[in-house]
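The values are calculated or read from the model by the stated rules, or taken from the named source; none is laboratory data. All figures in this text were calculated on a predicted structure; none of them were measured in a lab. When we count neighbours, we look across all protein chains shown, and the Cβ atoms used for this are built from the backbone with ideal geometry, even at glycine. Keep in mind that these areas ignore ligands, DNA and RNA; they rest on the heavy atoms of the full protein, side chains included. Shrake-Rupley method; radii C 1.70, N 1.55, O 1.52, S 1.80 Å.
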Amino acid sequence: MALVPVAEALERLLDGAVALPGERVALLDAADRVLAEPVVALRTQPPFNASAMDGYAVRAADIASIPARLSVIGMAPAGRGFAGTVQQRQAVRIFTGAPLPAGTDTIVIQENVRDLGGGSVEVTEPTVQGRNIRRLGLDFARGDVLLPKGRLLDSAALSLAASANHPEIVVVKRPLVAIIATGDELLPPGSELGPDQIISSNAYGVAAAAQSVGARALDLGIAPDRREAIAALVEKAVKAGANVIVTLGGASVGDHDFVHDVLTGQGMTLDFWKIAMRPGKPLMFGRLGDIRCIGLPGNPVASLVCAQLFLKPLLARLGGRAFQQDIRRARLGAAMPANDLRQDYVRAVVTDDAGALVATPFGIQDSSMLKMLADANGLIVRAPFAPAAAAGSPCDVLMLR
């Protein structure tokens with residue numbers, strides 16, 4: 001099978017991927033979720049003309065001449081409005097959020113009023129008619145579309161939905177990613193290692209990549225290099241309702257790489273296997289019914305780079321989210337040799353030099369070196385057959401953070 005170009009592989013992987021159905025959740029569980037339906041106001045806000053300040057509700061005609069003496073005939077705290085009607089040269093003590101008493105048309109802030117005692121006050125500063133009042137429906141009216149389908153729910157959006165009297169909201173289901181690591185040599189963190197064993201690390205980075213775009217991650221653990229062990233975890237993933245199955249390692253061409261055989265044996269239709277990129281050549285993609293299966297390389301850096309390029313865009317689309325790689329123009333901080341037929345993603349440190357980005361590649365790019373990836377904040381993208389480039393040459397950088 002010929003190597004598939006990166007752009008074509010991504011297009012094929014995303015083909016037919018649409019947002020999952022909606023589910024109704026409580027507002028407190030809706031943060032950072034995506035709306036599956038518009039939010040329509042169930043009430044008008046404010047539901048009445050309300051005071052915007054603490055002060056006195058008055059008739060503007062009574063304070064046309066300053067100072068103006070008024071009789072205070074009652075009080076209107078928030079949640080308990082004044083029941084009467086204000087007549088000539090009368091006022092009501094009012095607090096923020098309380099309904100505007102009948103007969104009044106202006107709020108004088110308390111700083112501009114002097115208490116004379118005996119139920120009388122003196123307005124000491126002029127106030128324009130209608131000042132300090134929040135009019136009925138100032139924010140929104142019943143029936144208004146407040147939030148569109150596809151909106152990512154942040155704190156302001158959730159507060160708005162609550163104020164519109166929605167205790168629950170319909171959001172796109174979060175995609176479920178089942179992660180299966182493979183390899184006799186792997187043990188979980190915290191294990192006592194034998195002489196031929198290493199720690200399984202890829203699942204944690206892949207899970208974090210999935211969660212960063214709103215997906216759920218289900219770590220199914222490590223399968224030894226045996227077909228029946230891998231098949232058992234694939235069956236667990238299917239029973240769990242996974243939308244995506246990610247396998248780590250075991251999808252290459254070695255004598256102990258069984259992932260491809262197991263998945264095709266369970267009904268997966270292979271779409272592509274091996275892409276023209278470095279690191280990450282042995283990437284596999286296929287479909288097991290409605291489940292998308294992605295076989296990531298076993299090398300940690302290759303696995304995480306492929307997760308950035310392929311897994312995150314897929315999960316974002318399934319979760320109804322917009323996603324775009326953060327690719328910026330920079331100049332090289334060091335010379336780079338000519339490239340071969342594969343698109344190269346070179347770990348680099350990107351710095352700002354008087355407003356211009358400079359991307360300096362690490363001297364070693366072995367795909368097992370996780371610390372270098374953790375230290376990098378960008379990947380220099382080198383097209384297939386790119387010629388040698390001197391320091392200072394322009395380049396594209398995929399920003400990692």
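Hey, could you check the range 243-272 for residues that are open to solvent by 10 Å² or more (accessible area, probe 1.4 Å), in contact with a helix residue (DSSP H, G or I) (Cβ under 7 Å, 6 or more places away or on another chain) and at pLDDT below 90 and say which is farthest from residue 300 (Cα to Cα)? So the residue we want is 258. Would you say residue 19 is within 30 Å of residue 277 (Cα to Cα), in a loop (DSSP other than H, G, I, E, B), open to solvent by 20 Å² or more (accessible area, probe 1.4 Å) and aliphatic (A, V, I, L, M)? Answer is yes for this residue. When 374, 322 are checked against the criterion of being out of contact with any Asp or Glu (no Cβ under 6 Å at 6 or more places or on another chain), over 30 Å from residue 37 (Cβ atoms) and surrounded by fewer than 16 Cβ atoms within 10 Å (Cβ to Cβ), 374 stands alone in meeting it.
Residues are listed down the side, and each one gets a yes or a no for (1) surrounded by fewer than 20 Cβ atoms within 10 Å (Cβ to Cβ); (2) part of a loop (DSSP other than H, G, I, E, B); (3) in contact with a strand residue (DSSP E or B) (Cβ under 8 Å, 6 or more places away or on another chain):
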site	(1), (2), (3)
61	yes, no, no
74	yes, no, yes
96	yes, yes, yes
107	no, no, yes
116	yes, no, yes
122	yes, no, yes
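From the list 167, 188, which one is within 18 Å of residue 250 (Cα to Cα) and either touching a His at 6+ places or on another chain (Cβ under 8 Å) or open to solvent by 10 Å² or more (accessible area, probe 1.4 Å) (or both)? Checking each option against the conditions leaves just 188. Restrict the check to the range 299-307 and report whether at least one residue is open to solvent by 50 Å² or more (accessible area, probe 1.4 Å) and touching a residue at least 60 places away in the same chain (Cβ under 8 Å). Taking every residue of the range 299-307 in turn, at least one turns out to be open to solvent by 50 Å² or more (accessible area, probe 1.4 Å) and touching a residue at least 60 places away in the same chain (Cβ under 8 Å).
For residue 214, all conditions in the list (1) in a loop (DSSP other than H, G, I, E, B); (2) in contact (Cβ under 8 Å) with a residue 40 or more places away in the chain; (3) more than 16 Å from residue 295 (Cβ to Cβ); (4) out of contact with any helix residue (DSSP H, G or I) (no Cβ under 9 Å at 6 or more places or on another chain) hold save one; what is the number of the exception? Here residue 214 meets the rest and fails (4). Checking 289, 355 one by one, the residue that is over 24 Å from the mean Cα position of the chain (by Cα), within 30 Å of residue 21 (Cα to Cα) and open to solvent by 40 Å² or more (accessible area, probe 1.4 Å) is 289 and no other.
Specify the residue that is nearest to residue 7 (Cα to Cα); the eligible residues are those in the range 274-324 that are touching a Phe, Trp or Tyr at 6+ places or on another chain (Cβ under 9 Å) and among the aromatic types (Phe, Trp, Tyr). Going through the qualifying residues, I end up with 310.
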